[in-house]
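Undergrad: After the structure tokens below, expect a handful of questions from me.
Read-outs throughout are calculated quantities, based only on the coordinates presented, and are distinct from any laboratory measurement. Bear in mind the structure is a predicted one, so any value in this text is a computation, not a measurement. Neighbour counts run over all protein chains shown; Cβ positions are idealised from the backbone, glycine included.
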Amino acid sequence: VFFTVVRPAQLGWQAVVLVGVLLGALAASLLSGTFRLRWMPDAGWVEAFGPRRSTRWALAFLGAFLVEVGAGIAGGCTSGLAVSGGVVLAPGAFVFMAGMFAAGIPTALLVAWRARR
Amino acid sequence: MMMTIVAPLLIGFAFGFVLQKGGLTRYHQVAGVFRFADLTVLKFLLSALVVGAVALRVFQALGVAGPIPVTDSYLLGNLVGGMIHGVGMALAGFCPGTVVAGAGEGRLDNLTFGLAGLFAGALAFGLAWSGFFPALSRVGALGRVTVGELVHVSPVLVVVVFAEVVALVLYLVERGRVRPDVARAGLSRRH
């Protein structure tokens with residue numbers, strides 16, 4: 001129902017924005033000399049989750065899955081709801097940010113606690 | 001052509017450029033905000049909010065911008081979605097925009113598993129949509145209102161108070177809380 005009625009599958013302007021985001025970050029990193037092909041985050045990751053690439057890949061997939069599902073339910077993401085809704089002072093944007101930190105803080109503390117053991 | 005290709009491409013380009021320059025594409029900076037070990041994301045978010053909120057009102061007062069479309073609020077969905085989003089963001093160190101920007105600066109984990117996760121998440125949400133979303137979005141449904149309309153206060157006053165509060169928070173953050181050594185070291189300071 002969702003893909004046929006609510007939001008028919010098509011490559012709209014949102015997909016073009018994402019292409020722009022990719023190119024913008026590419027240009028910025030090339031200009032500042034920070035572009036580098038890599039499979040792992042630069043800092044903080046190994047201390048928390050170990051050096052295995054497969055762990056990163058699994059959690060990158062899971063994390064992306066969760067942010068996308070969360071954004072779908074909430075009606076937007078950090079930029080699409082928190083910022084876009086926040087600048088027009090929509091109450092939902094602030095509730096979204098509260099939820100983001102209410103769940104993000106314990107998650108991050110759990111990760112840090114694991115890292116210390 | 002202009003509105004469907006060029007404008008979104010330019011807006012996306014500018015967004016990706018500043019995300020990369022701001023360091024928002026890095027795991028330890030995004031995950032670190034949830035432990036208040038690195039406040040880059042918080043400062044970026046608050047600055048964007050206050051500049052955007054003031055600019056929109058100023059442009060509107062000058063007659064440059066038309067009526068502002070207000071984002072739909074349905075509080076339970078906003079909250080639950082925000083929580084799921086927060087868990088994913090704290091785990092992977094990116095959100096739907098920065099995973100793409102990270103791919104642009106050469107992060108192959110974002111480009112492969114990150115983007116695959118995004119598509120899988122969108123697919124799962126779409127398939128499950130009719131089962132829960134219509135009911136969920138009716139709880140706390142306020143519609144397209146602003147905070148000012150909700151509490152019957154002038155929007156200009158809300159924007160001014162909001163800007164002052166955020167400016168104060170940013171000032172306090174800048175004066176007392178930011179420790180660049182911690183920001184750089186990320187989680188490693190725990191050892």
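Undergrad: Chymotrypsin sites (Phe, Trp or Tyr not before Pro), restricted to the stretch B:1-98: which are DSSP loop and have at most 15 other Cβ atoms within 10 Å?
TA: For chymotrypsin sites (Phe, Trp or Tyr not before Pro) across the stretch B:1-98 that sit outside H, G, I, E and B with at most 15 neighbouring Cβ atoms in 10 Å, the list reads B:36.
Undergrad: Can I ask one more? Rounded to two decimals, what ratio of Rg to Rh does chain A give with C-alpha atoms and a Kirkwood Rh?
TA: Reported Rg/Rh (Cα atoms, Kirkwood Rh): 1.02.
Undergrad: Shifting gears a bit: As a test of the formula, what do you get for chain A when each DSSP H run with n ≥ 4 contributes -39,500 (n - 2.57) and the sum is divided by the residue count, at 222 nm and rounded to the nearest 500 deg cm²/dmol?
TA: -21500 deg cm²/dmol
Undergrad: What distance in nm lies between label points placed 7 Å from Cα along the C-beta direction at residue A:32 and residue B:123?
TA: Computed distance between label sites residue A:32 and residue B:123 equals 3.5 nm.
Undergrad: Springs between alpha-carbon pairs under 10 angstrom, Gaussian network model over chain A: which of A:87, A:67, A:46 fluctuates most?
TA: A:87
Undergrad: Would you calculate, for chain B, the mean residue ellipticity at 222 nm contributed by helices, counting each DSSP H stretch of 4 or more residues as -39,500 (n - 2.57) and dividing by all residues, to the nearest 500?
TA: Calculated from helices alone, the mean residue ellipticity at 222 nm is -20000 deg cm²/dmol.
Undergrad: A further question follows. Select from chain B the helices, each a whole stretch of DSSP H, whose alpha-carbon atoms run 24 Å or more along the helix axis and whose Kyte-Doolittle mean is at least 0.5; answer none if there are none.
TA: B:40-62, B:75-92, B:115-136, B:155-172
Undergrad: Is the shape of chain B rounded, prolate or oblate, going by the alpha carbon gyration tensor and its root eigenvalues a ≥ b ≥ c, with a/c under 1.5 for rounded and a/b larger than b/c for prolate?
TA: Taking the square roots of the gyration eigenvalues as a ≥ b ≥ c, chain B is rounded.
Undergrad: Report the extension gain between residue A:3 and residue A:54 in nm, rounded to one decimal, defined as 0.36 nm multiplied by the number of residues separating them, less their alpha carbon distance.
TA: Here the answer is 15.2 nm.
Undergrad: Sequence-distant or interchain residues sharing an amide H contact under 5 Å with residue B:141, placed H: which?
TA: B:75
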